[in-house]
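Each remark here refers to the structure printed beneath this line.
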Amino acid sequence: MYPVWKVFFVTKEMSKTPRIRIPPEVRIYVFQRDKYQCQSCGKTTVETNLSIDHIIPLARGGQNDISNLQTLCFTCNQQKTDKIDPRFRRYFQL
């Protein structure tokens, strides 16, 4: 494990947020907040497998903040890759 100052320094230099495992309680909160529904196509957990996605990808400087997380189905998440969905620009200053 790196000391906190090294993680901060590397993160600032690379401007890419490090990927961390999303805690189970955060995953549950996001699924509940989004009503277990894909925020792109509208499919529910009954129809497809759902996943947690970063609205602004970590590779593009997005954060591991709960406000940057959304529920997407596997298909929509695969199609989005590391792109920024323009529908969410109103929530974030890009």
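As a calculated quantity, the FRET efficiency between residue 41 and residue 65 at R0 = 22 Å, using C-beta atoms, amounts to about 0.35.
Seen from residue 57, the other residues with C-beta closer than 11 Å to its C-beta sum to a net charge of +2, counting Lys and Arg as +1 and Asp and Glu as -1. Assuming 0.36 nm per residue, please report the length gained on full extension of the stretch residue 33 to residue 48 beyond their Cα-Cα distance. Stretched out fully, the residue 33 to residue 48 stretch lengthens by 3.6 nm.
Over all directions, the projected convex hull of the C-alpha atoms in the range 11-82 averages 4.6 nm² in area.
Every read-out reported here was derived from the displayed coordinates using simple, explicitly stated rules and does not represent laboratory data. Since the structure is predicted, the reported quantities are computational estimates derived from the model, not experimental observations. Positions of Cβ are generated from backbone atoms using ideal geometry, with glycine treated the same way; all protein chains shown enter the neighbour counts.
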